Amino acid sequence: MVSVINTVDTSHEDMIHDAQMDYYGTRLATCSSDRSVKIFDVRNGGQILIADLRGHEGPVWQVAWAHPMYGNILASCSYDRKVIIWKEENGTWEKTYEYTGHDSSVNSVCWAPHDYGLILACGSSDGAISLLSYTGDGQWEVKKISNAHTIGCNAVSWAPAVVPGSLIEQPSGQKPNYIKRFASGGCDNLVKIWKEEEGQWKEEQKLEAHSDWVRDVAWAPSIGLPTSTIASCSQDGRVFIWTCDDASGNSWSPKLLHKFNDVVWHVSWSITANILAVSGGDNKVTLWKESVDGLWACISDVNKGQGGVSAVTEGQQNEQ
């Protein structure tokens with residue numbers, strides 16, 4: 001059974017598009033069509049507004065917290081074609097960097113695993129993906145993948161900095177050779193996997209299963225088991241779970257989690273990667289878990305609007 005433990009009245013004046021907890025689960029960042037980004041202290045069930053960040057000139061689609069080893073840093077992206085990186089210095093949040101290199105709405109921002117340094121991937125409706133890397137002294141280096149997705153990129157998600165299979169293979173004593181990878185989803189109905197080779201980003205895989213725009217992709221956390229997993233959701237109402245069992249990353253197979261009756265906007269993994277949260281146009285959040293026989297079952301049904309919760313039986317699932 002799943003229960004709602006806290007609700008936050010954000011006082012946003014328009015639709016909220018994203019809400020993200022920080023690394024420690026003590027702060028919540030939200031963003032809205034009212035062009036603002038807000039940060040709340042949510043410790044002990046409270047909700048204290050810490051910052052109301054103004055700088056965007058259009059709806060703000062997504063926010064992302066950097067790892068705390070780099071300080072308190074939050075990225076936001078907007079319809080105004082800008083990415084803003086905000087930093088807390090001496091208790092005050094300020095804009096530390098503004099990226100204006102896209103020609104259209106920036107729809108998604110995602111920080112790379114902290115092992116790689118401070119690197120932000122940004123996906124835009126202009127079809128390009130930008131990678132912003134902090135080089136020190138307030139400087140950011142930009143790499144751009146042009147035409148990553150025709151008509152637009154809706155989502156980006158990094159692969160964990162864990163070599164698949166490393167948990168069970170004997171450690172050799174030397175540092176593993178990390179290959180940077182991330183997934184993206186676009187208006188070409190594709191999920192793509194990108195990898196860095198000699199400083200350049202190359203398309204490694206095209207994953208085809210969706211019949212409409214891919215709205216979100218989420219690469220699952222890993223502790224080093226051999227299988228890599230990605231969730232994707234789409235305008236077509238379907239959520240797919242993609243798995244790859246070979247270390248080379250060449251062969252991915254999709255499994256349909258569920259077909260919903262409306263667009264599915266977002267997918268998000270739990271830290272242990274065994275539960276997937278799915279939110280859609282029906283204004284519901286559902287939680288899904290894989291059973292021993294490999295089938296995905298709904299373990300909850302959280303009605304967003306009312307804060308009410310009900311368990312979903314097999315019979316009800318098919319009607320959703």
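The values are calculated or read from the model by the stated rules, or taken from the named source; none is laboratory data. Bear in mind that the values here come from a model prediction, so they are computed numbers and not experimental data. In this analysis, Cβ positions are derived from the backbone assuming ideal geometry, glycine residues included, and neighbour counts consider all displayed protein chains. For accessibility, only protein heavy atoms count, side chains too; no ligands or nucleic acids. Shrake-Rupley method; radii C 1.70, N 1.55, O 1.52, S 1.80 Å.
So, Pro226, is that one open to solvent by 20 Å² or more (accessible area, probe 1.4 Å) and touching a strand residue (DSSP E or B) at 6+ places or on another chain (Cβ under 6 Å) or not? No, not satisfied. Counting only residues that are farther than 22 Å from Met21 by Cβ and assigned to a strand (DSSP E or B), how many does region 107-132 have? The total comes to 5. Checked against the criterion of being over 25 Å from Gly199 (Cα atoms) and open to solvent by less than 20 Å² (accessible area, probe 1.4 Å), the candidates Leu131, Leu49, Leu53, Leu118 yield just one match: Leu53. Contact map, region 109-120: residues that are within 24 Å of Asn154 (Cβ to Cβ) and in contact (Cβ under 8 Å) with a residue 24 or more places away in the chain paired with residues that are assigned to a loop (DSSP other than H, G, I, E, B) and of a type in the set (Ser, Thr, Tyr), Cβ distance under 9 Å, separation 6+ or inter-chain. Pairs shown: Pro113/Tyr178; Tyr116/Tyr178. Taking the condition of being in contact (Cβ under 8 Å) with a residue 40 or more places away in the chain and either open to solvent by 10 Å² or more (accessible area, probe 1.4 Å) or hydroxyl-bearing (Ser, Thr, Tyr) (or both), how many residues in region 135-152 meet it? Looking only at that region, the number is 6.
Residue-wise test of (1) touching a residue at least 24 places away in the same chain (Cβ under 8 Å); (2) out of contact with any Asp or Glu (no Cβ under 6 Å at 6 or more places or on another chain).
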| site | (1), (2) |
| --- | --- |
| Glu196 | no, yes |
| Glu204 | yes, yes |
| Ala220 | yes, yes |
| Gly224 | yes, yes |
| Thr227 | yes, no |
| Ser232 | yes, yes |
| Ile241 | yes, yes |
| Phe260 | yes, yes |
| Ser268 | yes, yes |
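Just to be sure before I move on: is Ser248 in contact (Cβ under 8 Å) with a residue 12 or more places away in the chain and either open to solvent by 10 Å² or more (accessible area, probe 1.4 Å) or more than 30 Å from Arg81 (Cα to Cα) (or both) in the structure I sent? So Ser248 does not fit the description; no.
Does Trp242 satisfy the criteria of being among the aromatic types (Phe, Trp, Tyr), part of a strand (DSSP E or B) and under 20 Å from Val106 (Cβ atoms)? So Trp242 does not fit the description; no.
Considering the conditions (1) over 19 Å from the mean Cα position of the chain (by Cα); (2) open to solvent by less than 50 Å² (accessible area, probe 1.4 Å); (3) under 26 Å from Gly281 (Cβ atoms), Ser211 is excluded by exactly one of them, (2).
From Ala159, Ala155, grab the single residue that is surrounded by 19 or more Cβ atoms within 10 Å (Cβ to Cβ), under 14 Å from Ser228 (Cα atoms) and of a type in the set (A, V, I, L, M).
Details: Ala155 fails: under 14 Å from Ser228 (Cα atoms).
Result: Ala159 is the single residue among Ala159, Ala155 that is surrounded by 19 or more Cβ atoms within 10 Å (Cβ to Cβ), under 14 Å from Ser228 (Cα atoms) and of a type in the set (A, V, I, L, M).
Filtering region 51-84 to residues that are within 17 Å of Ile16 (Cβ to Cβ), assigned to a strand (DSSP E or B) and in contact with an Asp or Glu (Cβ under 6 Å, 6 or more places away or on another chain) leaves Gln62, Val63, Trp65.
Would you confirm whether or not region 99-109 contains a residue that is open to solvent by 50 Å² or more (accessible area, probe 1.4 Å) and at pLDDT 95 or above? Let's see the steps before the verdict.
From region 99-109, those open to solvent by 50 Å² or more (accessible area, probe 1.4 Å) are 100, 103; that's our starting set.
Now restrict to residues that are at pLDDT 95 or above: 100, 103.
Yes, region 99-109 contains a residue that is open to solvent by 50 Å² or more (accessible area, probe 1.4 Å) and at pLDDT 95 or above.
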